[in-house]
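Student: Here it is: the structure, laid out below.
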Amino acid sequence: MNLDSKIPSTPTLLSPINIGPYHLSNRLVMAPLTRMRAPDSCPTDLMTTYYAQRASAGLIISEATPISTQGVGYPATPGIYNESQVKSWKKITEAVHAKKGHIFMQLWHVGRISHPDFHGGQLPVAPSAIAPKGNAITPSGMQAFVTPRALETNEISGIIDDYKRAAQNALDAGFDGIEIHSANGYLLDEFLRDGTNKRTDIYGGSVANRARFLLEVTDALMGVCGADRVGIRLSPSGTFNDMSDSNPESIFVYLLKQLNLLELAYVHVVDALEGDIRHGANVIKLETLRAAYNGTLIVCGGYDQTRADETLAKGLADAVAFGQLYIANPDLAERFKLKAPLNIPDASSFYGGTEKGYTDYPSLTE
Ligand SMILES: Cc1cc2nc3c(=O)[nH]c(=O)nc-3n(C[C@H](O)[C@H](O)[C@H](O)COP(=O)(O)O)c2cc1C
């Protein structure tokens, strides 16, 4: 059957789409959302309920999930580097699949956005020894970020191995694919931007060198999952986690042109957010990113239904991810279909806690 023939030429959020090998029933993506409700770094039954509640999204992207203990930088974040984590994630993917949903895992290494308290007193790692401004969220509360240790060139291959092991674990846990987290000031983003990458080896300097680590990780994970089950998240205009770049367009347009050759499942870009603009972001327009990238493009960042449908109709993106709206509206697709009122997200319960502000937002049918 030719599934493409069923897809209308002017899509809306509620039109189907093929992403990688999957036929998704709509173009709503649940954005990756760290919720810090996994004590002992292991997913819980409450998380199974939470993800299953949101299975009517065309695609769920899991919360950022550390690939190794070195990649951890927040308390109670669920990992994907040991067997009990794989077993617990499997319950989540089965619950989502039972409701005909699709779910990718976002693979995470936090880089310098961490603290020695997570690493037995060892320093967090980064491309260069530059401390971010601000505080780490540690098990004993907020503590000032420390100056990280610059990775040696010969350590990079070990981190790529960690990514490969994590991606295989994600497939073993039943995920439909993986999203490489290269956004928001974490390790791979730190390598891309010249504000954080001052290296003089083959991973620093030119745009090709700064993109090398991400492209090597991508190539390795294509080997594990197949290109059509690998997505990448980028935040080209992001300032979160003290990020900056003297010429973001040069690195991100170069990168997207390299990614064109790979036929990945998708690239997922975060638009400039209000906070980025307040922090003087060097904003790259969605039009520029769309022109550079030929494959499936997901966009995220402050979208509502109207703006999302306009963006899809203009062809500026192929699907739209929603973060805060998915926190508060487990049945966001149904609500958009019916133009029903939306629940309001409660920021005080975003990170940590129990079912309050997590699994207790009502659906229309409850
Ligand atoms: C509570 C919370 C947790 C988040 N966790 C992640 C994460 O784990 N990985 C990620 O790439 N982005 C994360 N983000 C960013 C969102 O995915 C999204 O880009 C952002 O919220 C903007 O989209 P929105 O305006 O639809 O909420 C988080 C945002 C929030 C509010």
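Every number in this text was worked out from the coordinates using simple rules, so none of it is lab data. In this text the structure is predicted, and so the values were computed from the model without any measurement. Neighbour counts run over all protein chains shown; Cβ positions are idealised from the backbone, glycine included.
Student: Taking the Cα centre of the range 21-89 as origin and charging only Cβ (+1 Lys, Arg; -1 Asp, Glu), how large is the dipole, in debye to the nearest 20?
Tutor: 240 debye
Student: Could you compute how fast the range 95-141 diffuses translationally, taking Rh as the Kirkwood radius over C-alpha pairs and applying Stokes-Einstein at 37 °C with viscosity 0.692 mPa s? Give it in µm² per second.
Tutor: The calculation lands on 244 µm²/s.
Student: Each residue of the range 232-241 in turn: what ³J(HN,Hα) in whole Hz from Karplus with 6.51, -1.76, 1.60 and θ = phi - 60°, glycine and Pro shown as x?
Tutor: 9, 9, 10, 10, x, 9, x, 10, 4, 6
Student: With unit charges on the beta carbon (Lys/Arg positive, Asp/Glu negative), name the residue among 200, 175, 156 whose Cα is farthest towards the positive pole of the charge dipole of the range 135-214.
Tutor: 200
Student: Counting Lys and Arg as +1 and Asp and Glu as -1, each charge on the Cβ, what is the dipole of the range 84-171 about the Cα centre in debye, to the nearest 20?
Tutor: 460 debye
Student: Okay, moving on. Take residue 263, project a point 7 Å from its Cα along the Cβ direction, then tell me which residues of the range 203-228 have their backbone nitrogen under 16 Å from it.
Tutor: 219, 222-228
Student: What is the diffusion coefficient of the range 294-364 in µm²/s, taking the Kirkwood radius over Cα pairs and the Stokes-Einstein relation at 20 °C with a viscosity of 1.002 mPa s?
Tutor: 160 µm²/s
Student: Moving on to the next point. Taking 22 Å as R0, compute the FRET efficiency from the Cβ-Cβ separation of residue 310 and residue 344 and round it to 0.05.
Tutor: Efficiency for this residue pair is about 0.45.
Student: Rank 221, 261, 28 by mean-square fluctuation in a GNM of the chain with C-alpha springs under 10 angstrom and give only the top-ranked residue.
Tutor: 261
Student: Pairs 91/337; 90/164; 257/285: which exceed 20 Å Cα-Cα?
Tutor: 91/337
Student: Taking the Cα centroid of the range 101-147 and of the range 9-30, what is the distance between the two, rounded to the nearest whole Å?
Tutor: Using only Cα atoms to place each centre, the spacing works out to 34 Å.
Student: Let me ask another. Using each residue's phi in the range 189-199, evaluate 6.51 cos²θ - 1.76 cosθ + 1.60 at θ = phi - 60° and report the 3J(HN,Hα) Karplus result to the nearest Hz, with x for Gly and Pro.
Tutor: 5, 4, 6, 5, 9, 7, x, 10, 10, 10, 6
Student: Along the charge dipole of the range 37-114, which of 109, 65, 53 sits closest to the positive end, that is, farthest toward it, with unit charges on the beta carbon of Lys, Arg, Asp and Glu (+1, +1, -1, -1)?
Tutor: 53
Student: Any chance you could run the full-extension gain for residue 247 through residue 227? It's 0.36 nm times the residue separation minus the Cα-Cα distance, nm to one decimal.
Tutor: Gain on extension, residue 247 to residue 227, equals 4.3 nm.
Student: Let me spell out the model: positive unit charges on the Cβ of Lys and Arg, negative unit charges on the Cβ of Asp and Glu, origin at the Cα centre of the chain. What dipole size does that give, in debye rounded to 20?
Tutor: The calculated dipole for the chain is roughly 300 debye.
Student: Further question: Given 0.36 nm per residue, what is the gain on full extension from residue 206 to residue 97 after removing their alpha carbon distance, in nm?
Tutor: Value of the extension gain: 34.9 nm.
Student: Express in whole angstrom the spacing between the alpha-carbon centres of the range 300-366 and the range 209-283.
Tutor: With the range 300-366 and the range 209-283 each reduced to a Cα centre, they are spaced 24 Å.
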